[in-house]
Amino acid sequence: MSEPKITITIDDQEYKVNSGQMLIEATDQLGIHIPRFCYHEKLSIAANCRMCLVEVENSTNALPACATEVSEGMVVKTTSESAELAQQATMEFLLINHPLDCPICDQGGECELQDLAYSHGRNESRFEVKKRTLPDDNLGPLISTDMTRCILCTRCVRFGTEIAGLPELGTIGRGESSTISTFVEKTVDHELSGNMIDICPVGALNNKPYRYTDRTWELDQIESVSPHDCVGSNMFLHVKGDKIKRIVPKANPEINEVWISDRDRFAFDGIYSDDRLTVPMLRKNGVLEEATWEEAIDAFSKVLITLQNKKSKNGVAALISSSTALNEQYLYAYLMRSLGFNNIDHRIRQIDFTGDSLDPIFPNFDIKPHQIENMKSILIIGSDLRKETPLIAHWVKKAADQGASVNFINQEYSEYYFPIDNFILSGQEALAENLALVLKASNDDAVNKLPSHIEDVLNALPTPSLSHYQIAKSLANHEQSFLLSGLLCHSHSEYALIRSYLNLLSYVSNSSFGELTHGANATGAYLTGCIPHRKAFGESHELGLNALEMCTKNHQLIVLYGIEPEDCLYQEKLNQSIVGSQTTVQFSPFITPFMKENADIMFPLKTPYESKGAFINASGMIQDFNLQLDLAKDNPSNQELLLQIIEGSKLPMPSLDNLKEKIKKFIDETKNTHNRLLEIPEKVLKTTKNYSSVSSHLYDVDSITRRSRPLQQTKDALSQFSEDQ
Amino acid sequence: MSTENTETMELTETIKEKIDTWVAKFPVGKQRSAIIGSLHAVQEHNQGYLTPELMDAVADYLDLPCIYVYEVATFYSMFQTEPVGYNEIAICTNISCMLSGSDEIVHHVEDRLNIKLGETTKDGKIFLKKEEECLAACTGAPMMMVNHQYIENLNIEKVNEILDKLGQQK
């Protein structure tokens, strides 16, 4: 920070602090605690709870630390008699109406009001009037309300207005009858709204699925990373015994600030679904039966060894989910490659593979998520951003709120709660062309000119419209500019062409570039060689079949690791391939009726919630999850399982030592050197155009999310269901 | 920007014009300040009370989230969010009026109309407002407001006279 330092005295000690900040910010940084309810570092200042009153010299009244700016020579006493008297008086007022139901309140034990009532409250109340009671709203399946406990700090109201951008709750009524409410019967639907549970300092807004299930002090806290999108939000699992009870955010200022999406918070419920697979299954005499681990591993190894020497291109198809941990991806790729099987892929939501040879070593953001906030011009292509990555949408909103010019080229309109300069709504077939028109407009007055043969391609296009020029100009005029390609691009039939245009546009306009990817660890899948065209660490290799090719053929063996056909964009094709293939092996946490009918061997997997590992997020940041997790379970871990299969297949044991360090080093070395290809290859331009309807569903991203009961009851999930009908 | 109420009702042109004059009084982008004026206009044309549909329509017209309008409508005592009688009586019960006998007036009115504070008479003619803060007419205490008109120095006879008049209305 560049603000000049000033000297203030707090509790008889002098400190140098930055000017321009509120007293409570300064004391928080210095580690001096001042009680508060309504103040929250990420929200605007309301100063309505009056709990942070402190004594300031030369002021006759105690002043609220959250709304008092520091000034040179200020003398503050946070624990003097007058400060404490003021705080105690505030506490007494707050407790007039607050019920004494801590023993049955979920917030009990982690309640800011309860804590401060201990330190600042009276032993017994002097008020004998009847306490106020208020009706509760039904805010939907995620948040429970007990409005009688509300102390009207308005953190949730400010969260809606300032963070979500969608004010859903308000202060209704006045005086003693004031209440926080939606007023009309309405659920709270924003994809970040679960964060209101955390910021509520009392037990008014609580976690609905978790309600009345446990006491917070009985829970262990385990650091983890979200497995549901490529952002890698940090979170804490709250665990009792071997069961996850709830999930709360872990602050990471570079990735998710202090928030997590509702998907990150509530999806874990899916792992307790009834169709969980717990024992290996083996088809004997046409019937899929329970088997021992040895039997199943033995059976699978035998199939692998038999096929090993047959060099048939259609021999083995190996698909893997992009949300599996790094070590599993590495071992899976090792297993398949070592046996000579090259058909391995994780890109089951991609249909255009013509650009494979142009793929970067790994898809990557040039910047970290929090740096999006500093961008002055942002162009988002082919993305339903709020549903794909709620936290990236949050950073874009922060940039937009600070005046950045945000522009969209998209095939469907979705609502955003921040100012948008240009929204080019194009049909699916015109997405690439609209992007090319921005490129054409940018090239007109660019410093970095495009090679002439590419200019020829652009010249064949129509004249860009005013919007195209405005976007081009905005990108060119701002040094801090960012191109973001969304998941709809990934699933687009001209994905390769779109990416080529984006690379060129990034070069011409000198913008950073970022590509959202499916799953939590697509970057890892690229780096560990879970792609048909490269081995681990980007080494080139004999080309295998890509995901789409695999799904359109029958095989002697098809292996699905962490994948259900429902995850696949071309589910029908994959289903046919499974039915038509000789042997089907699925590694999965769940068993579906379809797989029960068609799988020959099934291995139960542990979900990322129950195992240890690491994900690499879209910005190339490697993050461990569940490192302290110690859930005693009979089943082997996914890693042990893969190692046993490798052993059973008579392959040399791979070394997993320092895998993460090696990958980290590799990322650091290649991150800034892999120049993006400034080329539009012929075959990419001539792609057969085969558009299919693709849209992103917030709560249908993976097998766990699909099974999460609270998420499936949300308006988002229900409206998707009615769409599918 | 209003929160996705699929079908909002349309305001009449007269009301829209009134709202426009309110919006014009404030800087561009500060149309939230025009909510009070807009609600007055809408309430006047809806027999003295507001409905969620009308409030949504105002929010929609002002391009504001609905909840902003609900907050204003429920905060101010001059807005009614439930159906009420056509005539509105608000008896001041603050300190000066109370000392000059407003309690007695309240009891009398309640008895005569056979309703309690906050209720409307069966014939829908008279609405007795639940609570009224000091209306700054302490010199004329006790006082009440009938259809936004001040009536001061009340006594039982004067109140009867007014109630008679209101009762005769069609």
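FYI, it's all coordinate maths here, none of it is from the lab. Since this is a predicted model, take the numbers as computed values, not measurements. Cβ atoms come from the backbone with ideal geometry, glycine included; neighbour counts cover every protein chain shown.
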- Rounded to 5, the percent of DSSP beta bridges in the protein assembly as shown classed as antiparallel: 55
- 15 Å reach of a label modelled at B:Glu44, 7 Å along Cα-to-Cβ, counting backbone N of the stretch B:60-102: B:79
- Tell me what the protein assembly as shown gives for mean residue ellipticity at 222 nm when only DSSP H runs of n ≥ 4 count, each as -39,500 (n - 2.57), the sum divided by the residue total, rounded to 500 deg cm²/dmol. -9000 deg cm²/dmol
- Query: What is the spin-label model distance, in nm, from B:Glu157 to A:Glu290 if the labels are put 7 Å beyond Cα along the C-beta direction?
  - Reply: 9.6
- Task: Mind checking which of A:Thr583, A:Ile424, A:Leu466 is farthest towards the positive end of chain A's charge dipole, using Cβ charges of +1 (Lys, Arg) and -1 (Asp, Glu) about the Cα centre?
- Result: A:Thr583
- Message: From the phi angles alone, apply the Karplus equation (6.51, -1.76, 1.60; θ = phi - 60°) to the stretch A:608-621 and give each ³J(HN,Hα) in whole Hz, x where the residue is Gly or Pro.
- Response: x, 6, 10, 10, 9, x, 9, 10, 10, 7, 4, 8, x, 8
- In terms of the charge dipole of the protein assembly as shown, which places +1 on Lys and Arg and -1 on Asp and Glu at the beta carbon, the residue among A:Leu339, A:Leu545, A:Thr592 farthest towards the positive end is A:Leu339
- Can you figure out the FRET efficiency of A:Glu479 with A:Ser452, using R₀ = 25 Å and their beta-carbon distance, to the nearest 0.05? 0.40
- Task: Straight distance only, please: which lysines reach the Cα of A:Lys186 with their own Cα at less than 29 Å, same-chain residues fewer than 8 apart left out?
- Result: A:Lys42, A:Lys131, A:Lys208, A:Lys245, A:Lys387, A:Lys397, A:Lys398, A:Lys715, B:Lys16, B:Lys30, B:Lys129, B:Lys130
- Over chain A, calculate the relative contact order: mean separation of alpha carbon pairs under 8 Å at least 6 apart, over the residue count, as a percent. 15
- Note on the structure: The helix A:659-671 Cα axis meets the longest alpha-carbon principal axis of chain A at an angle in degrees, between 0 and 90 and rounded to 10, of 90
- Task: In nm, give the distance between the simple-model label positions of A:Gln582 and A:Ile420, each being 7 Å from the Cα along the Cα-to-Cβ direction.
- Result: 5.2
- Item | Crossing angle, helix A:431-444 versus chain A [Cα axis fit, 0-90 degrees, rounded to tens] | 80
- Task: With unit charges on the beta carbon (Lys/Arg positive, Asp/Glu negative), name the residue among B:Asn155, B:Ile91, B:Leu113 whose Cα is farthest towards the positive pole of the charge dipole of the stretch B:87-168.
- Result: B:Leu113
- Estimated FRET transfer efficiency when R0 is 56 angstrom, pair A:Met653-A:Asn510 (beta carbons, to 0.05): 0.70
- Query: With the Cα gyration tensor of the protein assembly as shown giving a ≥ b ≥ c as the square roots of its eigenvalues, does the rule (a/c under 1.5 for rounded; else a/b larger than b/c for prolate; else oblate) give rounded, prolate or oblate?
  - Reply: prolate
- Message: How big is the dipole moment of the stretch A:126-239 about its Cα centre under a simple scheme where the beta carbon of each Lys and Arg is +1, that of each Asp and Glu is -1, and everything else is neutral? Debye, nearest 20, please.
- Response: 660
- Item | Rg/Rh (Cα only; Kirkwood hydrodynamic radius) as it applies to the stretch B:13-75 | 0.92
- Message: If I stretch the segment between A:Asp356 and A:Gln556 completely, what's the gain in nm (0.36 nm per residue apart, minus their alpha carbon distance), one decimal?
- Response: 69.5 nm
- Note on the structure: Cβ-Cβ cut-off under 12 Å around A:Met22, Lys and Arg +1, Asp and Glu -1: the net charge is -3
- Task: Read phi for every residue in the stretch A:355-371 and hand back ³J(HN,Hα) as whole Hz from Karplus 6.51 cos²θ - 1.76 cosθ + 1.60, θ = phi - 60°, with x for Gly and Pro.
- Result: x, 3, 5, 8, 3, x, 3, 7, x, 7, 7, 6, 10, 7, x, 5, 6
- Return the sequence-ordered ³J(HN,Hα) values of the stretch A:97-114 in whole Hz as given by the Karplus equation 6.51 cos²θ - 1.76 cosθ + 1.60 applied to θ = phi - 60°, using x for Gly and Pro. 9, 6, x, 9, 10, 3, x, 10, 9, 5, 6, x, x, 9, 9, 5, 5, 4
- Message: Rounded to two decimals, what is the ratio between the C-alpha radius of gyration of the stretch A:115-230 and 2.2 N^0.38 Å?
- Response: 1.21
- Task: Starting from the Cα gyration tensor of the stretch A:5-97, take the square roots of the eigenvalues, sort them a ≥ b ≥ c, and report rounded, prolate or oblate (rounded when a/c is under 1.5, otherwise prolate if a/b is larger than b/c, else oblate).
- Result: oblate
- Message: Take A:Ala47 and A:Ser177, extend 7 Å from each Cα along the Cα→Cβ direction, and tell me the distance between the two endpoints in nm.
- Response: 3.0
- Message: Compute the angle between helix B:35-44 and the longest alpha-carbon principal axis of chain B, please, reported from 0 to 90 degrees and rounded to the nearest 10.
- Response: 60
- About the Cα centre, charge dipole magnitude for chain A (Lys/Arg +1, Asp/Glu -1 at Cβ), debye: 1180
- Query: To the nearest 0.05, what FRET efficiency results for A:Asp12 and A:Lys662 with a Förster distance of 56 Å applied to their C-beta separation?
  - Reply: 0.55
- Kindly work out what percent of the DSSP beta bridges joining two residues of chain B are antiparallel, to the nearest 5. 70
